[in-house]
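Below is one structure, written out as C-alpha coordinates; comments come after it.
The values are calculated or read from the model by the stated rules, or taken from the named source; none is laboratory data. Small disclaimer: the values here were computed from a predicted structure and weren't measured. Ideal geometry is used to build each Cβ from the backbone, glycine not excepted, and the neighbour counts take in all protein chains shown. All accessible areas refer to the heavy atoms of the entire protein, side chains included, with ligands and DNA or RNA removed. Shrake-Rupley method; radii C 1.70, N 1.55, O 1.52, S 1.80 Å.
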Amino acid sequence: MPGVTEQEIAQAKQMNLYQYMQLCEPDNFKPEGPGQFRHKGHSSLTFAEDGSWTYFKTKATGRTALNYLIAVEDVSFVEAVREINRIQGGVRPPFQPVKAPSPPAEKKPAKEFKLPRPDKNNYAATAYLRKRCIHPNVLTICKQKKILYQTSFKDHPNCVFVGRDGNGEPKGGSLRGCSQIQFRRDIPGSKKIYPFYIEAVADADTVEVYEAPIDAISGASLKIMQHTGNWRGVHYLALGGTDYAALDAFLTYYPNITHIVLCLDNDEAGRTRTQDIIKHLDGSDKTVEDRPPTIGKDYNDTLVQVTQEYQKHCISLDDILEEETR
(Lines give C-alpha, C1' and ligand atoms only; values in the text may rest on other atoms or scores of the structure.)
Protein backbone atom coordinates (compact mmCIF):
# COMPACT_ATOMS: atom_id res chain seq x y z
CA MET A 1 0.00 0.00 0.00
CA PRO A 2 1.61 3.33 -1.08
CA GLY A 3 2.52 5.51 1.83
CA VAL A 4 2.60 2.92 4.63
CA THR A 5 4.59 -0.24 5.24
CA GLU A 6 3.34 -3.69 6.20
CA GLN A 7 4.92 -3.18 9.63
CA GLU A 8 3.02 0.10 10.10
CA ILE A 9 -0.24 -1.56 9.10
CA ALA A 10 0.34 -4.47 11.49
CA GLN A 11 1.19 -2.03 14.28
CA ALA A 12 -1.95 0.05 13.68
CA LYS A 13 -4.12 -3.07 13.85
CA GLN A 14 -2.93 -3.74 17.41
CA MET A 15 -5.09 -0.90 18.78
CA ASN A 16 -8.74 -1.77 19.31
CA LEU A 17 -11.56 0.75 19.53
CA TYR A 18 -11.81 0.62 23.34
CA GLN A 19 -8.15 1.59 23.65
CA TYR A 20 -8.56 4.35 21.06
CA MET A 21 -11.57 5.83 22.84
CA GLN A 22 -9.77 5.83 26.19
CA LEU A 23 -6.76 7.61 24.72
CA CYS A 24 -8.40 10.02 22.25
CA GLU A 25 -12.04 10.52 23.22
CA PRO A 26 -12.36 9.76 26.95
CA ASP A 27 -15.34 12.11 27.33
CA ASN A 28 -17.14 10.96 24.19
CA PHE A 29 -18.66 7.63 25.33
CA LYS A 30 -20.88 6.47 28.14
CA PRO A 31 -21.65 3.09 29.80
CA GLU A 32 -24.54 1.11 28.33
CA GLY A 33 -24.30 -1.92 30.60
CA PRO A 34 -21.60 -4.24 31.98
CA GLY A 35 -18.58 -3.82 29.72
CA GLN A 36 -20.64 -2.06 27.04
CA PHE A 37 -20.45 1.57 25.88
CA ARG A 38 -22.18 3.96 23.47
CA HIS A 39 -20.46 6.69 21.48
CA LYS A 40 -21.92 10.14 22.27
CA GLY A 41 -21.15 11.63 18.86
CA HIS A 42 -22.28 8.58 16.87
CA SER A 43 -25.29 7.42 18.86
CA SER A 44 -25.65 4.37 16.59
CA LEU A 45 -22.18 3.12 17.58
CA THR A 46 -21.73 0.71 20.51
CA PHE A 47 -18.55 -1.05 21.59
CA ALA A 48 -17.26 -3.36 24.30
CA GLU A 49 -14.15 -3.59 26.49
CA ASP A 50 -12.69 -6.19 24.12
CA GLY A 51 -12.84 -3.56 21.35
CA SER A 52 -15.62 -5.15 19.32
CA TRP A 53 -17.99 -2.54 17.90
CA THR A 54 -21.16 -2.24 15.83
CA TYR A 55 -22.31 0.81 13.90
CA PHE A 56 -26.04 0.23 13.54
CA LYS A 57 -26.48 3.10 11.07
CA THR A 58 -24.59 1.17 8.35
CA LYS A 59 -24.51 -2.27 10.05
CA ALA A 60 -20.69 -2.11 9.96
CA THR A 61 -18.83 -4.13 12.60
CA GLY A 62 -15.21 -4.51 13.65
CA ARG A 63 -12.76 -4.61 16.51
CA THR A 64 -9.81 -2.39 15.59
CA ALA A 65 -9.59 1.38 15.79
CA LEU A 66 -8.30 1.26 12.21
CA ASN A 67 -11.59 -0.17 10.93
CA TYR A 68 -13.52 2.37 13.01
CA LEU A 69 -11.74 5.38 11.48
CA ILE A 70 -12.27 4.02 7.97
CA ALA A 71 -15.87 2.76 8.28
CA VAL A 72 -17.34 5.35 10.67
CA GLU A 73 -15.21 8.50 10.42
CA ASP A 74 -14.61 8.07 6.65
CA VAL A 75 -10.82 8.46 6.96
CA SER A 76 -8.67 7.03 4.17
CA PHE A 77 -6.73 3.83 4.90
CA VAL A 78 -3.29 5.45 4.74
CA GLU A 79 -4.29 8.43 6.91
CA ALA A 80 -5.95 6.13 9.44
CA VAL A 81 -2.81 3.98 9.76
CA ARG A 82 -0.63 7.05 10.20
CA GLU A 83 -2.99 8.64 12.74
CA ILE A 84 -3.16 5.53 14.93
CA ASN A 85 0.60 5.03 14.85
CA ARG A 86 1.08 8.70 15.73
CA ILE A 87 -1.20 8.18 18.74
CA GLN A 88 0.72 5.07 19.75
CA GLY A 89 3.96 7.00 19.61
CA GLY A 90 6.02 4.49 17.68
CA VAL A 91 6.57 0.80 18.23
CA ARG A 92 4.21 -0.71 20.78
CA PRO A 93 4.43 -4.07 22.54
CA PRO A 94 1.94 -6.77 21.53
CA PHE A 95 -1.65 -5.97 22.43
CA GLN A 96 -2.61 -6.19 26.06
CA PRO A 97 -6.24 -5.64 27.14
CA VAL A 98 -6.76 -2.18 28.56
CA LYS A 99 -8.57 -2.26 31.88
CA ALA A 100 -10.75 0.59 33.07
CA PRO A 101 -8.90 2.58 35.73
CA SER A 102 -9.93 1.93 39.31
CA PRO A 103 -11.94 4.75 40.86
CA PRO A 104 -9.73 7.13 42.84
CA ALA A 105 -9.77 6.91 46.60
CA GLU A 106 -10.57 10.61 46.80
CA LYS A 107 -12.72 12.58 44.43
CA LYS A 108 -10.65 14.80 42.19
CA PRO A 109 -11.60 18.47 42.07
CA ALA A 110 -13.67 19.42 39.04
CA LYS A 111 -11.61 20.67 36.13
CA GLU A 112 -11.97 24.39 35.56
CA PHE A 113 -13.74 25.27 32.32
CA LYS A 114 -11.82 27.43 29.90
CA LEU A 115 -12.56 28.10 26.25
CA PRO A 116 -9.70 27.19 23.91
CA ARG A 117 -7.77 30.01 22.29
CA PRO A 118 -9.31 31.16 18.98
CA ASP A 119 -7.35 31.07 15.75
CA LYS A 120 -6.62 34.28 13.88
CA ASN A 121 -9.36 33.42 11.40
CA ASN A 122 -12.29 31.02 10.94
CA TYR A 123 -11.55 29.96 7.38
CA ALA A 124 -11.37 26.19 7.95
CA ALA A 125 -14.40 26.07 10.23
CA THR A 126 -16.44 28.18 7.81
CA ALA A 127 -15.41 26.06 4.83
CA TYR A 128 -16.28 22.87 6.71
CA LEU A 129 -19.71 24.10 7.75
CA ARG A 130 -20.50 25.52 4.32
CA LYS A 131 -19.61 22.10 2.91
CA ARG A 132 -22.25 20.77 5.32
CA CYS A 133 -24.63 23.31 3.65
CA ILE A 134 -25.05 25.57 6.71
CA HIS A 135 -26.54 28.88 5.57
CA PRO A 136 -24.18 31.92 5.67
CA ASN A 137 -26.75 33.97 7.63
CA VAL A 138 -26.77 31.38 10.40
CA LEU A 139 -22.97 31.31 10.51
CA THR A 140 -22.85 35.11 10.68
CA ILE A 141 -25.21 35.26 13.68
CA CYS A 142 -23.28 32.50 15.50
CA LYS A 143 -19.98 34.29 14.95
CA GLN A 144 -21.41 37.64 16.02
CA LYS A 145 -22.69 36.10 19.25
CA LYS A 146 -19.28 34.40 19.74
CA ILE A 147 -20.88 30.97 20.09
CA LEU A 148 -18.97 29.59 17.09
CA TYR A 149 -15.31 30.03 16.24
CA GLN A 150 -12.21 28.08 15.22
CA THR A 151 -9.32 26.73 17.27
CA SER A 152 -6.44 24.46 16.27
CA PHE A 153 -4.43 21.73 17.97
CA LYS A 154 -1.24 20.52 16.30
CA ASP A 155 -2.34 22.15 13.03
CA HIS A 156 -5.73 20.40 13.12
CA PRO A 157 -8.54 23.03 12.98
CA ASN A 158 -11.74 22.52 14.95
CA CYS A 159 -15.13 24.19 15.24
CA VAL A 160 -15.85 25.40 18.77
CA PHE A 161 -19.53 25.41 19.72
CA VAL A 162 -19.97 27.43 22.92
CA GLY A 163 -22.48 26.51 25.61
CA ARG A 164 -23.92 29.33 27.74
CA ASP A 165 -25.91 29.95 30.88
CA GLY A 166 -29.07 32.03 31.09
CA ASN A 167 -27.08 35.27 31.07
CA GLY A 168 -25.26 34.30 27.88
CA GLU A 169 -21.98 33.64 29.70
CA PRO A 170 -19.80 30.81 28.29
CA LYS A 171 -19.88 27.84 30.67
CA GLY A 172 -19.36 24.85 28.37
CA GLY A 173 -18.80 23.76 24.82
CA SER A 174 -17.73 21.11 22.38
CA LEU A 175 -15.21 20.66 19.60
CA ARG A 176 -15.81 19.27 16.13
CA GLY A 177 -12.82 18.54 13.88
CA CYS A 178 -12.73 20.25 10.48
CA SER A 179 -9.90 18.29 8.88
CA GLN A 180 -9.83 14.78 7.44
CA ILE A 181 -9.04 13.36 10.87
CA GLN A 182 -12.28 14.30 12.58
CA PHE A 183 -13.26 13.96 16.19
CA ARG A 184 -15.93 15.17 18.61
CA ARG A 185 -15.10 16.09 22.15
CA ASP A 186 -16.51 18.18 24.97
CA ILE A 187 -14.24 20.96 26.21
CA PRO A 188 -12.75 19.91 29.58
CA GLY A 189 -14.77 21.27 32.48
CA SER A 190 -17.97 21.57 30.43
CA LYS A 191 -21.31 20.55 31.90
CA LYS A 192 -24.30 19.37 29.89
CA ILE A 193 -26.61 21.83 31.64
CA TYR A 194 -24.96 24.66 29.68
CA PRO A 195 -26.12 24.10 26.10
CA PHE A 196 -25.31 25.57 22.73
CA TYR A 197 -28.30 27.66 21.68
CA ILE A 198 -29.36 30.48 19.36
CA GLU A 199 -31.97 32.63 21.04
CA ALA A 200 -34.86 34.18 19.14
CA VAL A 201 -34.85 37.92 18.42
CA ALA A 202 -38.08 38.49 20.38
CA ASP A 203 -40.03 36.83 23.18
CA ALA A 204 -40.65 33.59 21.31
CA ASP A 205 -42.72 30.79 22.84
CA THR A 206 -41.13 27.97 20.82
CA VAL A 207 -37.83 26.12 21.09
CA GLU A 208 -36.60 23.54 18.61
CA VAL A 209 -34.47 20.88 20.31
CA TYR A 210 -31.70 18.99 18.51
CA GLU A 211 -28.99 16.56 19.59
CA ALA A 212 -25.88 18.32 18.23
CA PRO A 213 -25.00 21.94 17.43
CA ILE A 214 -24.59 21.12 13.72
CA ASP A 215 -28.14 19.73 13.72
CA ALA A 216 -29.44 22.90 15.40
CA ILE A 217 -27.82 25.23 12.86
CA SER A 218 -28.99 22.87 10.09
CA GLY A 219 -32.57 23.28 11.30
CA ALA A 220 -32.16 27.05 11.22
CA SER A 221 -30.67 26.83 7.71
CA LEU A 222 -33.60 24.73 6.48
CA LYS A 223 -36.06 27.34 7.73
CA ILE A 224 -34.26 29.96 5.64
CA MET A 225 -34.07 27.78 2.52
CA GLN A 226 -37.65 26.55 2.66
CA HIS A 227 -39.14 29.96 3.59
CA THR A 228 -41.13 28.50 6.47
CA GLY A 229 -41.20 31.71 8.47
CA ASN A 230 -38.75 34.03 10.21
CA TRP A 231 -35.86 31.78 11.22
CA ARG A 232 -35.09 34.05 14.20
CA GLY A 233 -38.66 33.67 15.45
CA VAL A 234 -37.85 30.51 17.45
CA HIS A 235 -35.06 29.36 19.74
CA TYR A 236 -32.64 26.60 18.63
CA LEU A 237 -31.17 24.35 21.30
CA ALA A 238 -28.59 21.54 21.10
CA LEU A 239 -28.65 19.00 23.92
CA GLY A 240 -25.05 17.92 23.29
CA GLY A 241 -26.26 14.32 23.11
CA THR A 242 -29.62 12.87 24.12
CA ASP A 243 -29.78 13.80 27.82
CA TYR A 244 -32.50 16.35 28.63
CA ALA A 245 -30.62 18.21 31.40
CA ALA A 246 -29.79 21.02 28.95
CA LEU A 247 -33.47 21.37 28.04
CA ASP A 248 -34.51 21.62 31.69
CA ALA A 249 -31.91 24.35 32.24
CA PHE A 250 -32.94 26.22 29.08
CA LEU A 251 -36.58 26.29 30.16
CA THR A 252 -35.50 28.14 33.31
CA TYR A 253 -33.72 30.72 31.10
CA TYR A 254 -36.89 31.29 29.03
CA PRO A 255 -39.91 30.50 31.23
CA ASN A 256 -42.34 31.89 28.63
CA ILE A 257 -41.70 28.91 26.32
CA THR A 258 -44.88 26.88 25.86
CA HIS A 259 -44.09 24.91 22.68
CA ILE A 260 -41.22 22.40 22.49
CA VAL A 261 -40.38 20.82 19.13
CA LEU A 262 -38.23 17.69 19.46
CA CYS A 263 -35.98 17.34 16.41
CA LEU A 264 -33.83 14.44 17.62
CA ASP A 265 -32.17 11.93 15.28
CA ASN A 266 -34.19 9.41 13.37
CA ASP A 267 -32.34 6.39 14.79
CA GLU A 268 -32.94 4.03 17.69
CA ALA A 269 -31.25 6.24 20.28
CA GLY A 270 -32.94 9.41 19.05
CA ARG A 271 -36.41 7.85 18.93
CA THR A 272 -36.00 6.31 22.39
CA ARG A 273 -34.82 9.56 23.93
CA THR A 274 -37.64 11.48 22.26
CA GLN A 275 -40.18 9.29 24.04
CA ASP A 276 -38.24 9.70 27.31
CA ILE A 277 -38.40 13.50 27.01
CA ILE A 278 -42.11 13.42 26.18
CA LYS A 279 -42.71 11.38 29.34
CA HIS A 280 -40.42 13.71 31.31
CA LEU A 281 -42.50 16.72 30.25
CA ASP A 282 -45.83 15.01 30.82
CA GLY A 283 -47.93 17.07 33.20
CA SER A 284 -46.08 20.31 32.46
CA ASP A 285 -47.77 23.25 30.80
CA LYS A 286 -45.77 22.69 27.61
CA THR A 287 -47.01 21.49 24.24
CA VAL A 288 -44.55 18.90 22.93
CA GLU A 289 -44.21 18.11 19.22
CA ASP A 290 -42.13 15.27 17.77
CA ARG A 291 -40.59 16.37 14.46
CA PRO A 292 -37.85 13.92 13.37
CA PRO A 293 -35.86 14.62 10.20
CA THR A 294 -37.71 13.66 7.03
CA ILE A 295 -34.56 12.60 5.18
CA GLY A 296 -31.60 10.70 6.63
CA LYS A 297 -30.60 10.21 10.25
CA ASP A 298 -30.39 13.83 11.36
CA TYR A 299 -31.26 17.33 10.26
CA ASN A 300 -27.93 17.90 8.57
CA ASP A 301 -28.63 14.89 6.34
CA THR A 302 -31.96 16.53 5.45
CA LEU A 303 -30.33 19.92 4.84
CA VAL A 304 -27.66 18.49 2.54
CA GLN A 305 -30.24 16.57 0.49
CA VAL A 306 -32.59 19.58 0.22
CA THR A 307 -29.69 21.83 -0.81
CA GLN A 308 -28.54 19.41 -3.48
CA GLU A 309 -32.06 19.16 -4.91
CA TYR A 310 -32.38 22.95 -4.85
CA GLN A 311 -29.10 23.38 -6.71
CA LYS A 312 -30.23 20.96 -9.43
CA HIS A 313 -33.13 23.27 -10.28
CA CYS A 314 -31.25 26.54 -10.07
CA ILE A 315 -30.51 28.40 -13.31
CA SER A 316 -26.86 29.39 -13.51
CA LEU A 317 -25.50 32.54 -15.16
CA ASP A 318 -24.07 30.32 -17.92
CA ASP A 319 -27.57 28.97 -18.62
CA ILE A 320 -28.95 32.52 -18.90
CA LEU A 321 -26.19 33.68 -21.26
CA GLU A 322 -26.57 30.57 -23.41
CA GLU A 323 -30.33 31.15 -23.66
CA GLU A 324 -29.83 34.80 -24.71
CA THR A 325 -27.47 33.86 -27.56
CA ARG A 326 -29.99 31.51 -29.15
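Checked against (1) touching a Lys or Arg at 6+ places or on another chain (Cβ under 8 Å); (2) within 25 Å of Asn28 (Cβ to Cβ); (3) among the β-branched types (Val, Ile, Thr), Val201 meets all criteria but (2). The conditions of being of a type in the set (A, V, I, L, M, F, W, C), in contact with a helix residue (DSSP H, G or I) (Cβ under 8 Å, 6 or more places away or on another chain), at pLDDT below 90 and under 22 Å from Pro157 (Cβ atoms) are met by Ile181.
Restricting attention to region 284-317 and to residues that are aliphatic (A, V, I, L, M) and modelled with pLDDT under 85, the residue that is farthest from Thr206 (Cα to Cα) turns out to be Leu317.
Among the residues of region 165-179, is there at least one that is within 14 Å of Lys40 (Cβ to Cβ) and part of a helix (DSSP H, G or I)? Checking region 165-179: not a single residue is within 14 Å of Lys40 (Cβ to Cβ) and part of a helix (DSSP H, G or I).
Figure legend. Inter-residue proximity from region 2-21: first residues without any contact (Cβ under 8 Å) to a residue 60 or more places away in the chain and under 9 Å from Thr64 (Cα atoms), second residues hydroxyl-bearing (Ser, Thr, Tyr) and open to solvent by 10 Å² or more (accessible area, probe 1.4 Å), beta-carbon distance below 6 Å, spacing 6+ or different chains. Indicated pairs: Lys13/Thr64.
Filtered by the rule that a residue be open to solvent by 50 Å² or more (accessible area, probe 1.4 Å) and either modelled with pLDDT of 95 or more or out of contact with any helix residue (DSSP H, G or I) (no Cβ under 8 Å at 6 or more places or on another chain) (or both), region 190-214 gives Lys191, Asp203, Asp205. Listed by first and then second residue, the pairs with beta-carbon distance under 6 Å, at least 6 apart or on different chains, first residue in region 207-225 and farther than 16 Å from Asp267 by Cβ, second β-branched (Val, Ile, Thr) and part of a helix (DSSP H, G or I), are Ile217/Val138; Ala220/Val138; Ser221/Val138. Of all the criteria given as (1) surrounded by 14 or more Cβ atoms within 10 Å (Cβ to Cβ); (2) at pLDDT 85 or above; (3) not aliphatic (A, V, I, L, M), the one not satisfied by Glu73 is (2). Do any strands (runs of 3 or more DSSP E) entirely within region 1-68 hold 3 or more residues that are open to solvent by less than 30 Å² (accessible area, probe 1.4 Å), and if so, which? Passing ranges, in order: 45-48.
Where helices (runs of 4 or more DSSP H) fall entirely within region 215-319, those with at least 2 residues that are touching a Leu at 6+ places or on another chain (Cβ under 8 Å) and open to solvent by 10 Å² or more (accessible area, probe 1.4 Å) are at 268-280, 299-312. So is Thr206 over 21 Å from Ile257 (Cβ atoms) and hydroxyl-bearing (Ser, Thr, Tyr) or not? Spelling it out, it is not the case that Thr206 is over 21 Å from Ile257 (Cβ atoms) and hydroxyl-bearing (Ser, Thr, Tyr). The single condition among (1) at pLDDT below 95; (2) more than 30 Å from Arg63 (Cβ to Cβ); (3) among the hydrophobic types (A, V, I, L, M, F, W, C) that Leu139 does not satisfy is (1).
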